[in-house]
Amino acid sequence: MKITLKSAGKRYNYEWIFRNLNSTFQTDKSYAILGPNGSGKSTLLQVVAGNIIPSTGEIFYSENEKIIEPENFFQYISIAAPYLELPEEMTLEELLQFHSGFKKFNSNLSIKNIIQLSGFEKSFDRQIKQYSSGMKQRAKLMVAIFSESPILLLDEPTTNLDEQGVQWWKGLMSQYAKKRLVIIASNIEREYEACDEKIILADYK
């Protein structure tokens with residue numbers, strides 16, 4: 001998989017979030033989008049995901065040199081972010097079953113396996129609205145990481161996680177993010193320290 005940005009820029013009114021960004025993201029590598037809060041990390045991640053159209057420049061998606069049309073790109077990605085909401089009336093088990101109808105999970109994992117790996121054995125049948133903020137974040141991460149998608153996009157992945165949760169996330173990444181294209185938007189070193197390349201948004205203002 002390859003994502004190519006050519007002279008990409010995004011602005012709101014007269015303020016540039018980023019501009020003249022040329023970058024290539026490809027499978028088997030991990031990338032970090034860095035900047036302080038409010039710098040536009042999430043905006044760039046959403047541009048990469050195809051959810052926001054850039055104001056200038058172009059973005060191309062390809063697999064084995066074959067172009068992927070932007071409207072089909074969602075099939076190749078999984079994303080977890082603090083601003084993405086879960087259907088809180090569902091139980092976790094219902095959420096996993098619902099999600100699997102749109103995007104398959106890793107072929108080696110059943111829903112039972114996923115619940116066990118995520119530490120939700122005692123709460124999988126509770127409605128998500130009853131979960132703590134940390135449990136909700138775990139649920140978002142597990143759905144994204146366990147999905148069978150070649151591209152994994154994470155925005156501030158350890159938000160609301162305690163130290164045990166952070167170590168849990170790192171363990172999942174080391175096991176299930178290999179051979180994928182991973183992009184992490186963050187300003188916390190523990191989230192991006194293992195990334196191969198870093199994009200500093202301040203360089204593209």
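Over the Cα atoms of segment 84-205, what radius of gyration and what Dmax do you get, in Å?
14.8, 48
Using helices alone, what [θ] at 222 nm do you get for the chain, with -39,500 (n - 2.57) per DSSP H run of 4 or more residues, divided over all residues and rounded to the nearest 500?
Result for the chain, helices only: -8000 deg cm²/dmol.
7 Å from Cα along Cα→Cβ at both K129 and K179: what's the point-to-point distance in nm?
4.2
I'm spelling it out carefully: the read-out is Rg and Dmax of the Cα atoms in Å, the candidates are (i) 17.0, 51; (ii) 16.1, 54; (iii) 16.2, 46, and one was derived from this structure. Which label?
It is the one labelled (i).
Among DSSP bridges having both ends in the chain, what percentage is antiparallel? Round to the nearest 5.
Rounded to the nearest five, the antiparallel share is 50 percent.
Taking a threshold of 19 Å on the Cα-Cα distance, which of the pairs K2/K104; K10/K41; K66/K178; K104/K140; K2/K29; K104/K179 fall above it?
Long pairs (Cα-Cα over 19 Å): K2/K104; K66/K178.
Report the label-to-label distance for I67 and L84 in nanometres (one decimal), using points 7 Å from each Cα along the Cα→Cβ vector.
Taking the simple label geometry, I67 and L84 are separated by 2.7 nm.
Once you order the gyration tensor axes a ≥ b ≥ c over the Cα atoms, which shape class does segment 40-113 get: rounded for a/c under 1.5, otherwise prolate or oblate by comparing a/b with b/c?
oblate
Could you identify which residue out of D28, D125, D155 has the top mean-square fluctuation in a GNM of the chain using Cα springs shorter than 10 Å?
Checking each option, the largest mean-square fluctuation is seen for D125.
Residues in segment 57-90, backbone N under 14 Å from the label point at K198 (7 Å along the Cα-to-beta-carbon vector): list them, ranges by number please.
Counting only backbone N, you get no residues.
Laboratory data are not the source of any read-out in this text; all were calculated from the coordinates shown. All values derive from a computational prediction rather than experimental measurement. Reconstructed Cβ throughout: ideal geometry from the backbone, glycine too, with neighbour counts over all protein chains shown.
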